[in-house]
1. For the range 57-148, what is the charge dipole size about the Cα centre, in debye to the nearest 20, if Lys and Arg each add +1 at the Cβ and Asp and Glu each add -1 at the Cβ?
2. What do you get for Rg/Rh over the range 83-195 if you use C-alpha atoms and the Kirkwood form of Rh?
3. What number results when the radius of gyration of the range 157-280, computed over Cα atoms, is divided by 2.2 N^0.38 Å?
4. What are the trypsin sites (Lys or Arg not before Pro) within the range 69-136 that DSSP puts in a loop, where the Cβ has at most 15 other Cβ atoms within 10 Å?
5. Lys/Arg Cβ at +1, Asp/Glu Cβ at -1, dipole of the range 110-202 taken about the Cα centre: which of S133, Y110, M161 is farthest positive-ward?
6. Report the GluC sites (Glu not before Pro) located in the range 124-187 that are in a DSSP loop and have at most 12 other Cβ atoms inside 10 Å of their Cβ, or state none.
7. Taking Rh as the Kirkwood radius, which is the inverse of the mean 1/r over Cα pairs, what is the Rg/Rh value for the range 57-148?
Amino acid sequence: MEDGLLLRILVYYYCLIKCDMRFLFQNHKYGQIIGTLMLLLVLTLFAKLSLDQTQTSAGRKFFLQEISKDMQIKSEIKIKDSIIAEITQGDQTGYALFAKTSGKYKLQQYWFSPEKIDTDARYLIPLKIVDSSPYPVNEQADTVLLVKVKMINDYSGNYMMKGTEYPMKNGAPDLLSGTPIEIARTLTAVDENTVRFFHKSVNEEMPNLDDNGITLTVDKSTGKVSVSPWKNLPVVENSGSGTYQVISGNYGINTRRYVIEYNYINSSNKEMYVSVTLETSEN
């Protein structure tokens, strides 16, 4: 490269910004070459910026604000090949997960409201020691603790379910043919006012859930409970109802009680009526 060519490139770069590009290309032997090089340089810089956009905290913030301009990163924790960012949007707080793929961090998912959380997924919240004043943090030690999230609400917990199942006969339960039900049931939180449990005495195993799950939704203002299938259990429409109440006890130990009923179609295509009470003294 001849002396002064670098200086000429810088001058021509300035001219590309300030002058008519056609004049530059037409009036110097290096015009077209330099113009092409400048274009390639600009394209390369844009490509690099695009590739590196999520490689820094500022870049990840910029990337999130492309999704929503109000999104901010409050803090970040790096765990192996992932970065978990605590994010805010207005008065909402949530998390964003960036995972390293092919050497670059890429956004995998983000969420704010609990409605988007999968009841049956396993969520972990990382806690990292960032300050232990007056003692220094041992940077060589593993200072990250993973905490498993357990979904709960005011109505979830371990309950004892007691009641009876009756076959329907002539449009009414056949009270002479009842089968007793008595079994411990786990009521799992689905959202703020809804829980889910396994129907009757079915084993509480995930393969049984879709065909045997029942959901209970509590109206806080009235204590009334609506009953519906979790997925595939053929609950008869408008047959489910119930109540929920908290009964005060001694020494601050309260009893939480559901009284529910619903009809469903069993595997023999017969309509059955279930009437049960679910009760717990957990607080």
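Quick note: the coordinates plus some simple rules give every number you see, no bench work behind them. Please read all numbers here as calculations on a predicted model, not as lab measurements. As a convention, Cβ positions derive from the backbone with ideal geometry for all residues, glycine included, and neighbour counts pool all protein chains shown.
1. Values: 13 positive and 12 negative charges, 66 e Å.
So the dipole magnitude of the range 57-148 works out to roughly 320 debye.
2. Details: Rg = 23.5 Å, Rh = 19.1 Å.
Reported Rg/Rh, Kirkwood definition of Rh: 1.23.
3. On the way: Rg = 14.5 Å, N = 124, 2.2 N^0.38 = 13.7 Å.
Relative to the 2.2 N^0.38 Å estimate, the range 157-280 comes out at 1.05.
4. Working: sites: K69, K74, K78, K80, K100, K104, K106, K116, R122, K128; in loops: K69, K80, R122.
Counting only loop positions with at most 15 other Cβ atoms within 10 Å, the trypsin sites (Lys or Arg not before Pro) in the range 69-136 are K69, K80, R122.
5. Of the options given, the answer is M161.
6. E139
7. Details: Rg = 14.5 Å, Rh = 14.6 Å.
The Rg/Rh ratio comes out at 0.99.
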